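Engineer: Below: one structure in structure tokens.
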Amino acid sequence: MKREASKKKQEIAVDIDQLAALLARLQKDTGDIPWSEGGKTDPWDHIEAAMGLSIGGYFPEARRAFEWLADIQLPDGSWYASYIDGKPLDQTHDTNITAYIAVGVYHYYLITRDTDFLSRMWPVICRAMGFVISLQAPTGEIYWAKSPALETDHMALLTGSSSIYMSLKCALAIAGVLNEKKPEWEAAKKALGIAVRDGYHLFNMTKSRYSMDWFYPVLCGAVTGEAARKRMDQHWKKFVVEGMGIRCVSDQPWVTIAETSELVLALCGMGNRELAEIVFQWISSRTFDDGSYWCGFTFPDMVIWPEDKITWTNGVVIMAADALYHLSPASNLFSHEFWASNGLA
């Protein structure tokens, strides 16, 4: 795996080995992967970094990342929103953060075909998805969280619900591999897909200034085909800074590498690989001296901000390179065609 990535690095202007080594170096002995050295950990971004480790061939490290989550899973199946040095920081029980374990574990399986590990993680995934669908509204959207006092916050976020849609697809794919039946997950995914595609009024629209609200319904595969193309065209000029990347939010001059890489994943997923490669090349030089990627930068002054070396940013850069250049057997994870061929679109 590492030799394959090295062979590609001149072509894609990304040293996958170097980025994966950074993630492994910042991972703690417990398996915890913080945002940056001395920083906090949130389970969603921790998983994104673990997926980068998997693509880079750091399989023991990726397993430890998932085992750390298994060890700290709460009795209701969720995780806290963030930790620092293994101790709870933000004790919100976030549905999207909780659901993403299914994406990370399925991604690991696609690369390794380790069914034993899949079986060991199955109870963890079942508890997590049970928590998530317990917060599904009658109209299909997923409420975003329970408070530290375990009170449900009846707000739904389009980005979060879109990500959960992807998580449900992966959870169902894992169930298929293990010959398990989960009709309640099927029903939850169907209702959630309808909400994401047709029920924008169900979500907190104050978040529509965030680029993720624009492309996540496409990234997760809830919006496909002509509808996906129309959605991408509709807000392209609102978020995309030609030659640079995409804004995190539409009203701020701040381009972020992670969101730009995720846009690459969305474009690859819908089959527009030519445009995806153009966008990916825009960020190829936005690196520190050690080859790791900036988190973001302002324009036109080109100030790097923040200056931390962010693990999940580098994890998703690896994932974007994989989607473009097929570095691993998980390169089609976000492909709409892949999921349609498996009956889980």
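The values are calculated or read from the model by the stated rules, or taken from the named source; none is laboratory data. What you see is a predicted model, and the numbers here were worked out from it, not measured in a lab. Glycine also receives a Cβ, built like all others from the backbone with ideal geometry; neighbour counts cover every protein chain displayed.
Engineer: At least 3 residues that are of a type in the set (A, V, I, L, M) and either surrounded by fewer than 23 Cβ atoms within 10 Å (Cβ to Cβ) or at pLDDT below 95 (or both) in each: list the helices (runs of 4 or more DSSP H) lying fully within the stretch 166-260 that qualify. Steps first, answer last, please.
Structural biologist: Values: elements: 183-198, 211-219, 225-239.
So the answer is 183-198.
Engineer: Restricting attention to the stretch 99-120, does a residue exist that is part of a helix (DSSP H, G or I) and charged (D, E, K, R)?
Structural biologist: Yes, the conditions are met somewhere in the stretch 99-120.
Engineer: What tally of residues in the stretch 20-39 results from selecting those that are in a loop (DSSP other than H, G, I, E, B), charged (D, E, K, R) and more than 25 Å from residue 170 (Cβ to Cβ)? Steps first, please.
Structural biologist: Of the stretch 20-39, the ones in a loop (DSSP other than H, G, I, E, B) are 27-39.
Next, from what is left, pick out any that are charged (D, E, K, R): 28-29, 32, 37.
From what is left, the residues that are more than 25 Å from residue 170 (Cβ to Cβ) are 28-29, 37.
Looking only at that region, the number is 3.
Engineer: What about residue 331, is it assigned to a loop (DSSP other than H, G, I, E, B) and surrounded by 16 or more Cβ atoms within 10 Å (Cβ to Cβ)? Full working, then the answer.
Structural biologist: Numbers: assigned to a loop (DSSP other than H, G, I, E, B): yes; surrounded by 16 or more Cβ atoms within 10 Å (Cβ to Cβ): yes.
Criteria met by residue 331.
Engineer: Can you tell me which residue in the stretch 177-230 is nearest to residue 344 (Cα to Cα), limited to those that are touching a residue at least 60 places away in the same chain (Cβ under 8 Å) and aliphatic (A, V, I, L, M)?
Structural biologist: Of everything passing the filter in the stretch 177-230, 222 is nearest to residue 344 (Cα to Cα).
Engineer: If residue 265 satisfies every condition in (1) over 15 Å from the mean Cα position of the chain (by Cα); (2) closer than 22 Å to residue 310 by Cβ but one, which is the exception?
Structural biologist: Failing condition for residue 265: (1).
Engineer: Another question, if that's okay. Return the pairs, sorted by first residue and then second, in which the second residue is part of a loop (DSSP other than H, G, I, E, B), the first residue lies in the stretch 140-151 and is in contact (Cβ under 8 Å) with a residue 40 or more places away in the chain, the beta carbons are less than 7 Å apart, and the residues are 6+ apart or on different chains.
Structural biologist: Hits for this filter: 140/199; 141/199; 141/203; 142/135; 143/135; 143/137; 144/157.
Engineer: If you don't mind, there's one more thing I want to ask. Determine which member of the set 151, 61, 141 is crowded, with 24+ Cβ neighbours inside 10 Å, modelled with pLDDT of 95 or more and of a type in the set (D, E, K, R).
Structural biologist: On the way: 151 fails: crowded, with 24+ Cβ neighbours inside 10 Å; 61 fails: crowded, with 24+ Cβ neighbours inside 10 Å.
Being crowded, with 24+ Cβ neighbours inside 10 Å, modelled with pLDDT of 95 or more and of a type in the set (D, E, K, R) holds for just one of 151, 61, 141, which is 141.
Engineer: Specify which of the listed residues (36, 78) is surrounded by fewer than 22 Cβ atoms within 10 Å (Cβ to Cβ), closer than 26 Å to residue 159 by Cα and touching a Ser or Thr at 6+ places or on another chain (Cβ under 8 Å).
Structural biologist: Values: 78 fails: surrounded by fewer than 22 Cβ atoms within 10 Å (Cβ to Cβ).
The conditions single out 36.
Engineer: Related question: Can residue 223 be described as within 23 Å of residue 102 (Cβ to Cβ) and of a type in the set (A, V, I, L, M, F, W, C)? Before the answer, list the steps.
Structural biologist: Working: within 23 Å of residue 102 (Cβ to Cβ): yes; of a type in the set (A, V, I, L, M, F, W, C): yes.
Here the answer is yes, as residue 223 does meet what is asked.
Engineer: Going through the stretch 23-44 one residue at a time, which ones are out of contact with any strand residue (DSSP E or B) (no Cβ under 9 Å at 6 or more places or on another chain) and within 25 Å of residue 115 (Cα to Cα)?
Structural biologist: 23, 24, 27, 29, 30, 31
Engineer: Turning to a different aspect of this structure: If a residue has to be crowded, with 17+ Cβ neighbours inside 10 Å and either without any contact (Cβ under 8 Å) to a residue 60 or more places away in the chain or touching a Pro at 6+ places or on another chain (Cβ under 9 Å) (or both) to count, how many in the stretch 113-125 make the cut?
Structural biologist: Here is the first cut: in the stretch 113-125, the ones crowded, with 17+ Cβ neighbours inside 10 Å are 117-118, 121-122, 124-125.
Next, from what is left, pick out any that are either without any contact (Cβ under 8 Å) to a residue 60 or more places away in the chain or touching a Pro at 6+ places or on another chain (Cβ under 9 Å) (or both): 117, 121-122, 124-125.
Residues that pass the stated criteria total 5.
Engineer: OK, next. Inspect all residues belonging to the stretch 293-315 and state whether any of them is touching an Asp or Glu at 6+ places or on another chain (Cβ under 6 Å), in contact (Cβ under 8 Å) with a residue 40 or more places away in the chain and β-branched (Val, Ile, Thr). First the steps, then the outcome.
Structural biologist: Taking the stretch 293-315 first, the residues touching an Asp or Glu at 6+ places or on another chain (Cβ under 6 Å) are 312, 315.
Still in the running and in contact (Cβ under 8 Å) with a residue 40 or more places away in the chain: 312, 315.
From the residues that got through so far, the ones that are β-branched (Val, Ile, Thr) too are none.
There is no residue in the stretch 293-315 that is touching an Asp or Glu at 6+ places or on another chain (Cβ under 6 Å), in contact (Cβ under 8 Å) with a residue 40 or more places away in the chain and β-branched (Val, Ile, Thr).
Engineer: Can you name the number of the only condition in (1) touching a Ser or Thr at 6+ places or on another chain (Cβ under 9 Å); (2) under 21 Å from residue 144 (Cα atoms) that residue 263 fails?
Structural biologist: Result: residue 263 passes all but (2).
Engineer: If you don't mind, there's one more thing I want to ask. For the stretch 71-128, which residues satisfy the criterion of being of a type in the set (Lys, Arg) and closer than 28 Å to residue 329 by Cα? Quick ask: steps written out before the conclusion?
Structural biologist: Pass one, the stretch 71-128, residues of a type in the set (Lys, Arg): 87, 113, 120, 127.
113, 120, 127 - these are the residues of the stretch 71-128 that are of a type in the set (Lys, Arg) and closer than 28 Å to residue 329 by Cα.
Engineer: Taking the condition of being touching an Asp or Glu at 6+ places or on another chain (Cβ under 7 Å), closer than 23 Å to residue 209 by Cβ and not in a helix (DSSP H, G or I), how many residues in the stretch 129-165 meet it?
Structural biologist: 4
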